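Written below as structure tokens is the structure these notes are about.
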Amino acid sequence: MSRRYHLSLVVGLLGLMLLVVAVPVVGSAETSKSHAGTTITVLSAPGPGIMPPVLEEFQKKTGIKVNYSEMAIPSLHSKLATLFAAGSSDVDVVWTYSAWTAEFGSAGYLEPLGDKISEDLKKDLIPGALEAVSYKGVLYGLPRFLSIRSFFYNKQMFREAGLNPDQPPKTWEEFKKAAIALTRDKNGDGKADQWGFLSEYGSPNNCVMAFEMPLYLNDGHMFDKDDSVLFNDARGVKALSELVELHKLGVVDPASMGIASGTDKVTRFVSGLVGMQFGWANTYAFANDPQKSKMVGQLGFGLIPRILDHTATVGGSEGYAIPKSSKKKEAALEFLEFVASKESQKGIAMRTGWMPVRYSVFEDREVQRALPLSKVVAEQAKYRADRFAAPYAQEVIDSLGPEILAAVKGIKSPKQALDDAAAKAKQIVAKYK
């Protein structure tokens with residue numbers, strides 16, 4: 001079942017920012033040396049620049065050693081599923097997001113933390129970030145950053161294509177026209193070498209996220225509250241047809257076929273070869289880093305172009321949880337609290353551009369200056385921001401992703417692809433009842 005990222009409270013916060021007296025971010029999570037000498041193992045998804053300074057500071061302040069490793073999301077899911085099924089105590093902290101929290105939490109593999117987290121911390125955490133580590137009212141972890149997708153574009157490419165760099169497309173039709181204008185043969189060899197839009201089809205998860213965006217813009221849903229398939233209804237078919245049309249127009253960067261992570265996507269976007277993308281908040285930091293980007297100072301951003309009379313987007317907050325099988329839960333909880341601490345959250349925001357998970361850090365003046373996206377995030381958060389999450393989500397994603405890819409490649413019609421995926425999804429859901 002699809003879950004809503006309730007970020008509306010962020011809007012009120014950000015709307016008051018200019019009136020708020022800045023509260024300096026001081027201190028971090030309460031730490032002690034009570035677990036000094038303990039070694040915990042953390043398995044995480046990739047996140048360039050996010051964790052190294054946090055790990056160094058955590059180990060220095062607590063004396064707890066961390067064996068930290070990152071894996072690509074598909075491989076990480078397989079690894080965790082195997083470890084959980086075996087009841088292994090080899091891992092003490094695991095990366096998660098809404099779909100995995102639903103899957104692994106409902107299966108009893110994650111430690112509930114609701115009575116272990118202070119009320120002060122809970123009150124300071126933004127609901128949209130908590131959605132990544134909660135399922136059916138149970139808190140299974142703590143978030144490491146807040147994220148929803150925004151619309152990003154290259155202002156210089158807009159100028160060169162005769163588009164107004166200060167007026168991003170507001171509707172899907174305007175978006176398609178801009179994509180056509182941005183797709184160009186710059187070296188005169190008769191083939192496009194600059195593209196209008198960057199998508200993502202390098203993994204089932206990315207395929208599904210690419211589909212979710214137009215699905216939500218069309219007021220569609222993945223499943224209903226009774227776990228009945230909805231993604232192949234008329235709204236779903238229209239959504240997938242919109243993706244297919246972009247490929248028929250020839251405006252999608254061929255590199256999209258290999259995009260299997262957020263890092264893949266933002267790295268390609270800042271290469272200066274593509275004009276637009278739907279991306280995460282760290283796009284701002286990447287685009288303005290001279291060592292990584294060929295579009296420094298040229299990043300534009302706005303709301304996701306609407307298909308109906310309103311915008312919508314995909315949520316992407318992430319967090320960490322503790323396996324029930326861990327034998328070092330107290331040290332692991334110290335790690336989670338440290339990642340969510342004011343000090344760590346400010347550092348992550350300032351280094352990477354990811355939004356902080358705490359209201360108090362949003363209020364910090366320095367953070368506000370470093371996060372110019374905050375106003376766009378606040379406005380986008382007034383509208384629907386979903387991410388497919390259910391105990392059966394990963395299995396459905398693994399079967400739906402290839403069908404979306406088949407439609408995009410013209411192997412199947414959008415309707416046939418979604419009907420075939422729906423048939424498989426019904427069988428998957430039946431196993432969970």
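The values are calculated or read from the model by the stated rules, or taken from the named source; none is laboratory data. Nothing here was measured: the structure is a model prediction, and the numbers come from that model. Neighbour counts run over all protein chains shown; Cβ positions are idealised from the backbone, glycine included.
Just a few scattered comments:
- With respect to (1) buried (at least 23 other Cβ atoms within 10 Å of the Cβ); (2) more than 28 Å from S317 (Cβ to Cβ), the lone exception for R184 is condition (1).
- When M350, M355 are screened for being surrounded by fewer than 24 Cβ atoms within 10 Å (Cβ to Cβ) and within 30 Å of P290 (Cα to Cα), only M350 passes.
- Which numbered condition R384 misses (of (1) closer than 30 Å to Q427 by Cβ; (2) buried (at least 23 other Cβ atoms within 10 Å of the Cβ); (3) among the charged types (D, E, K, R)): (2)
- Hits in the stretch 136-151 (condition: farther than 24 Å from L303 by Cα and either at pLDDT below 95 or surrounded by fewer than 24 Cβ atoms within 10 Å (Cβ to Cβ) (or both)): K136, G137, V138, L139
- Residue count for the stretch 56-79 satisfying the condition of being among the aliphatic types (A, V, I, L, M) and either within 22 Å of T283 (Cα to Cα) or surrounded by fewer than 17 Cβ atoms within 10 Å (Cβ to Cβ) (or both): 3.
- Scan of the stretch 388-415 for residues that are surrounded by fewer than 24 Cβ atoms within 10 Å (Cβ to Cβ), more than 19 Å from the chain's Cα centre (by Cα), small (G, A, S) and assigned to a helix (DSSP H, G or I), ordered by number: S399, A406
- Members of the stretch 166-185 that are out of contact with any strand residue (DSSP E or B) (no Cβ under 6 Å at 6 or more places or on another chain) and outside any helix (DSSP H, G or I): D166, Q167, P169, K170, D185
- Scanning the stretch 217-230 turns up at least one residue that is at pLDDT 95 or above, surrounded by 16 or more Cβ atoms within 10 Å (Cβ to Cβ) and either in a helix (DSSP H, G or I) or small (G, A, S) (or both).
- Any hit, the stretch 416-433, residues being within 30 Å of V252 (Cβ to Cβ), assigned to a helix (DSSP H, G or I) and touching a Gly at 6+ places or on another chain (Cβ under 8 Å): yes
- Neighbours by Cβ (under 6 Å, 6+ apart or cross-chain): first from the stretch 305-333, farther than 24 Å from T96 by Cβ; second outside any loop (DSSP other than H, G, I, E, B) and modelled with pLDDT of 95 or more: P305/T171; P305/W172; P305/F175; R306/T171; I307/W172; I307/L217
- Each residue in the stretch 122-141 was checked for being small (G, A, S) and outside any helix (DSSP H, G or I), and 3 of them qualify.
- Pairing each residue of the stretch 89-116 that is in the same structural domain as K329 (by TED's automatic domain parsing) and among the basic types (K, R) with any residue that is modelled with pLDDT of 95 or more and part of a helix (DSSP H, G or I), provided the two are 6+ apart or on different chains, yields C-beta distances under 9 Å for K116/K329; K116/L333.
Quick grid of which residues meet (1) crowded, with 18+ Cβ neighbours inside 10 Å; (2) out of contact with any helix residue (DSSP H, G or I) (no Cβ under 7 Å at 6 or more places or on another chain); (3) of a type in the set (S, T, Y):
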residue	(1), (2), (3)
C207	yes, no, no
L240	yes, no, no
S256	yes, yes, yes
S271	no, yes, yes
W280	yes, no, no
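- Residue check, I148 within 30 Å of P356 (Cα to Cα), among the hydrophobic types (A, V, I, L, M, F, W, C), touching a strand residue (DSSP E or B) at 6+ places or on another chain (Cβ under 6 Å) and touching a residue at least 40 places away in the same chain (Cβ under 8 Å): yes
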